[in-house]
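Report on the following structure.
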Amino acid sequence: QEAKEAVPALEMLLRDEEAPVRMAAVQALGKMGPSAIPALGRAATKGIVSDVQDAAIDALASAGKPALSPLIEVLKEQGNESQMRRKALAAIQAIGPADAASAVPVLADVVKNPKTRGDARLLRQDAVAALGALAKPTDTAALTVLNDIINDEKNRDMGLKNQCRQAVKRIMSRK
């Protein structure tokens, strides 16, 4: 109960001018368990200092399944740096197919994004790999997105097309 009461005060410290104070607050929240997940989720979204955002995503990743919803929000927020979105995506993928099925539609949306340069391209490739790891044969939206890329004659990114083919094979191999 005391830990739960400390969450608002620690959340205020996430915006402190001093980096060591911010980091200590994130670390304390990360050790508090489920009661701190909403605060960590808010800290993981854009609009806060990147060191706090980065550490909050790490703390959410450590929390596993209970942190799935805030991790999905980080991934959905296109204003977040691609690096932070990639980190959230990796954490979602680590949660596994049994518990992260609700992330599949968001992953499909990330794959649809045609940006092909720099970190955005890497985010898209990571999302294809995550779909291969998490989607089921019944996830028609995911399969449609992957097959659209494979069959797009204008798309000359053979690496991405091959990665989509591998993801489809992996998805279809599941029972």
Pair list, Cβ under 7 Å, 6 or more apart: region 71-82 residue within 18 Å of V104 (Cα to Cα), other residue open to solvent by 90 Å² or more (accessible area, probe 1.4 Å) and part of a loop (DSSP other than H, G, I, E, B): E77/K46
So A28, is it part of a helix (DSSP H, G or I), among the aliphatic types (A, V, I, L, M) and within 20 Å of P66 (Cα to Cα): yes
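So that you can scan it fast, the table gives a plain yes or no per residue for (1) under 12 Å from the mean Cα position of the chain (by Cα); (2) under 20 Å from L10 (Cβ atoms); (3) of a type in the set (A, V, I, L, M):
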| residue | (1), (2), (3) |
| --- | --- |
| A25 | no, yes, yes |
| L29 | no, yes, yes |
| S35 | no, yes, no |
| Q53 | no, yes, no |
| A59 | no, yes, yes |
| L75 | yes, no, yes |
| A94 | yes, no, yes |
| A101 | no, no, yes |
Hits in region 31-64 (condition: open to solvent by 30 Å² or more (accessible area, probe 1.4 Å), closer than 29 Å to A108 by Cβ, of a type outside the set (S, T, N, Q) and part of a helix (DSSP H, G or I)): P34, P38, R42, D54, D58, A61, A63
Top-ranked residue in region 152-175 [being polar (S, T, N, Q) and within 22 Å of A120 (Cβ to Cβ); ranked as surrounded by the fewest Cβ atoms within 10 Å (Cβ to Cβ)]: N162
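The values are calculated or read from the model by the stated rules, or taken from the named source; none is laboratory data. Bear in mind that the values here come from a model prediction, so they are computed numbers and not experimental data. Methodologically, a virtual Cβ is constructed for each residue, glycine included, from the backbone with ideal geometry; neighbour enumeration extends over all protein chains shown. Just the protein is used for accessible areas: all its heavy atoms, side chains included, with ligands, DNA and RNA removed. Shrake-Rupley method; radii C 1.70, N 1.55, O 1.52, S 1.80 Å.
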